[in-house]
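Okay, so here's the structure we're looking at.
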Amino acid sequence: MGAQLRVYKRRIRAITATKKITKAMEMIAASRIVKAQRKVAASMPYATELTRAVTAVATGSNNKHALTTEVETPTRAAVLLITSDRGLAGGYSSNAIKQAERLTERLRGEGKEVDSYIVGRKGVAYYGFRERKVTDSWTGFTDSPAYADAKRVAGPLIEAIQLETAEGGVDELHIVYTEFVSMMTQNAVDGRMLPLSLDKAAEDDGAKGEILPLFEFEPSAEDVLDALLPRYVESRIYNALLQSAASEHAARRRAMKSATDNAGDLIKSLSRLANAARQAEITQEISEIVGGASAMADATAGSDK
């Protein structure tokens, strides 16, 4: 076997092994998407009803609270960025990071300092490589988040919104995550968690223009808001984590399918080249045999004379 043919066969074996791996990863990601979608759907009713409860309490009282009160001149904001722990998911993490960069530039353009909170090793590595300050970070659960993970992430953010800016607190909480639209479409989006815009919340819930019932608060509206604040932030973060997980699996499935298809195309191309090399080798051997036979025939004819 010629050296060139051996090179082609070695490359075909290596690419075939890679193709098996990418195909397996594609199938695993596809199986996890359905489970992630179910979790997203299951979390929506709780988040919707909680937002309605917050809206009802806020509109039924005149108390100033960090959950609903706009700061007259906000000077500091916290941005929570959700990325993935693992790669091989196409542009999933990079798109979320770019969206966070745009949001950070916009907030700084408004004269606000930005504290960065990161979920996922990809985001932590990006900020660490560029030596940017990260206030807090969490890793190890992005592909299958639990509500306990959302509570762990929400803790420092709730503490920051309750502190004065002079004490290291923030005036606003923003979140950047990847919204799951369909198996083929996932969009990196950003939104403000706190202070909650009551008109925006009512519009999102389809309750804009509705007449809310009168409530009596026990023990007080402020205490109710204090109790709802962590639940609201946790539910928003949990929903964002679930949507990001579904988007990550969908992006990985698409990337692995593309890698599998490309590996198949490359194997076909290398197989054609290997066949051409084999044919050239056979042709050369035949030519050498014919040339040798012709030389022997000429030698025999010369000796007969």
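The values are calculated or read from the model by the stated rules, or taken from the named source; none is laboratory data. Computed from a predicted structure; not experimentally measured. All Cβ positions, even for glycine, are placed from backbone atoms using ideal geometry, and neighbour counts span all protein chains on display. Surface areas here come from the heavy atoms of the whole protein model, side chains and all, with no ligands, DNA or RNA. Shrake-Rupley method; radii C 1.70, N 1.55, O 1.52, S 1.80 Å.
Some points to look at:
- Taking each residue of the stretch 215-234 that is within 22 Å of G191 (Cα to Cα) and looking for partners that are modelled with pLDDT of 75 or more and assigned to a loop (DSSP other than H, G, I, E, B) with beta-carbon atoms closer than 9 Å, six or more apart or interchain, yields Y232/L196.
- Applying the condition of being among the charged types (D, E, K, R) and closer than 28 Å to V79 by Cβ to the stretch 182-219 and asking which residue is modelled with the highest pLDDT yields D190.
- When the stretch 2-59 is filtered for residues that are free of Cβ contacts under 8 Å to residues at least 40 places away in the same chain and more than 23 Å from the chain's Cα centre (by Cα), the ones remaining, listed by number, are A3, R6, V7, R10, R13, A14, A17, K20, P45, E49.
- Among the criteria (1) at pLDDT 95 or above; (2) of a type outside the set (V, I, T); (3) touching a Pro at 6+ places or on another chain (Cβ under 9 Å), the one K122 does not fulfil is (3).
- Among the conditions (1) open to solvent by less than 70 Å² (accessible area, probe 1.4 Å); (2) closer than 30 Å to R132 by Cα; (3) of a type in the set (D, E, K, R), R86 misses just one, which is (1).
- Whichever residue in the stretch 19-72 is at pLDDT 85 or above and under 24 Å from H174 (Cβ atoms) and, among such residues, is surrounded by the most Cβ atoms within 10 Å (Cβ to Cβ): A36
- Within the stretch 235-279, being open to solvent by 50 Å² or more (accessible area, probe 1.4 Å) and either in contact (Cβ under 8 Å) with a residue 60 or more places away in the chain or hydroxyl-bearing (S, T, Y) (or both) holds for R236, R254, K257, S258, L266, L273, R278.
- For first residues located in the stretch 170-198 and open to solvent by 40 Å² or more (accessible area, probe 1.4 Å), partners that are part of a loop (DSSP other than H, G, I, E, B) and lie 6+ apart or on another chain with Cβ distances below 7 Å form the pairs N187/V181; L198/T68.
- Answer residue from the stretch 134-165, given it is under 26 Å from V71 (Cα atoms), out of contact with any helix residue (DSSP H, G or I) (no Cβ under 8 Å at 6 or more places or on another chain) and part of a loop (DSSP other than H, G, I, E, B) and is most open to solvent (accessible area, probe 1.4 Å) among those: E164
- Each residue in the stretch 125-153 was checked for being within 15 Å of Y177 (Cα to Cα) and touching a Leu at 6+ places or on another chain (Cβ under 9 Å), and 5 of them qualify.
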